[in-house]
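The values are calculated or read from the model by the stated rules, or taken from the named source; none is laboratory data. Bear in mind that the values here come from a model prediction, so they are computed numbers and not experimental data. Neighbour counts are summed over all protein chains in view; Cβ atoms, including those assigned to glycine, are modelled from backbone coordinates with ideal geometry. Protein only, heavy atoms only, side chains kept; ligands, DNA and RNA dropped before computing areas. Shrake-Rupley method; radii C 1.70, N 1.55, O 1.52, S 1.80 Å.
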Amino acid sequence: MKRHQAILDLLQKEGYVGVSQLCEMFNVSAVTIRKDLKLLENKGLLFRTHGGATFENPYINDRNVSEKEKIHIKEKNAIAEAAVKLIKPEDSIMIGSGTTMQSLAKAINIEGNLNVTTSSLNVSLELTKSPYYDILQLGGNVRHSSSSVTGHFSQAILENISCNLLFLGVDGIDINYGCTTTNLGEAMLNKTMIESAQKIIILADSSKFNRKGFGKICGISEIHHIITDSGISSTLAQELRDLGIQLTLV
């Protein structure tokens, strides 16, 4: 009982605890810690995740873009600034939907021509401020919660497109399950985007890790590069690098 309370106290302080961290702290086996976490989860005191536990429910509900754009603003802007450094004049890039993608669009200041394909209405509106960018706005069913499009028409257009960089926002990243979003239609469109791109770059703040959305986009092995903030654990960062994923922390 003392160990259980100590786990909850540490979780309250740090927001996330890892199995290996707890093993070292209490000098017990991983099997014992996993039993502890399972018992505490059954009591409704925490949620187990890959390699640890959190107070925050790892299963994500859809939220309106107007709500999401008010959180993790500093992290999203820093991620966007790092992502822009990967873009060069004459590139053909693709940009998904989400508030981090809006931050990316605002940060793009390429002095030269740029071909941009996007599913996000807000990204298109932001990029129309420059006369040098050729923008292909995908069409289809408009999602009011994200101000983006999904559906067969968007996917059909992508069958005739190839780009060198795809910048994708996600709602959840689980190292075992992969990248997810809260909407199945958006997940299907993102899958088609991946098929049309040479390099896949995920832009996601650290709150998206160890979480899952309803629609699976892809496995973690399909990702080439992840840009996130330093809020992810060093253990998770190393696991991603061990999988061959380029990881940029801002």
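Answer with yes or no whether I95 is crowded, with 20+ Cβ neighbours inside 10 Å and β-branched (V, I, T).
Judged against the criteria, I95 is a match.
So, in the stretch 233-242, how many residues would count as being under 14 Å from I173 (Cα atoms) and open to solvent by 20 Å² or more (accessible area, probe 1.4 Å)? Steps first, please.
Within the stretch 233-242, the subset under 14 Å from I173 (Cα atoms) is 233, 236-237, 239-240.
Narrowing the set further to residues that are open to solvent by 20 Å² or more (accessible area, probe 1.4 Å) leaves 233, 239.
Number of matching residues: 2.
Condition first: part of a strand (DSSP E or B) and buried (at least 21 other Cβ atoms within 10 Å of the Cβ). Now tell me which residues in the stretch 109-138 satisfy that. It would help to see each step written out before you state the result.
We begin by selecting, within the stretch 109-138, every residue part of a strand (DSSP E or B); these are 114-118, 120, 133-137.
Scanning the stretch 109-138 gives V116, T117, T118, S120.
In the stretch 182-235, how many are free of Cβ contacts under 8 Å to residues at least 12 places away in the same chain and under 24 Å from S145 (Cβ atoms)?
Quick first cut of the stretch 182-235, residues free of Cβ contacts under 8 Å to residues at least 12 places away in the same chain only: 234.
Pick out the ones that are also under 24 Å from S145 (Cβ atoms) and you get none.
The qualifying residues number 0.
So is S148 of a type in the set (S, T, Y), farther than 24 Å from A82 by Cβ and open to solvent by less than 10 Å² (accessible area, probe 1.4 Å) or not?
Details: of a type in the set (S, T, Y): yes; farther than 24 Å from A82 by Cβ: no; open to solvent by less than 10 Å² (accessible area, probe 1.4 Å): yes.
So S148 does not fit the description; no.
Filter the strands (runs of 3 or more DSSP E) completely within the stretch 151-250 down to those with at least 2 residues that are under 10 Å from the mean Cα position of the chain (by Cα), within 24 Å of P89 (Cα to Cα) and assigned by the TED database to the domain that holds H72. Show your work before the answer.
On the way: elements: 163-169, 172-174, 178-181, 197-203, 215-218, 225-228, 246-249.
So the answer is 163-169, 197-203, 225-228.
I'd like the full set of residues that are within 25 Å of T182 (Cβ to Cβ) and among the β-branched types (V, I, T), limited to the stretch 68-119.
Correct list: I71, I73, I79, I93, I95, T99, T100, V116, T117, T118.
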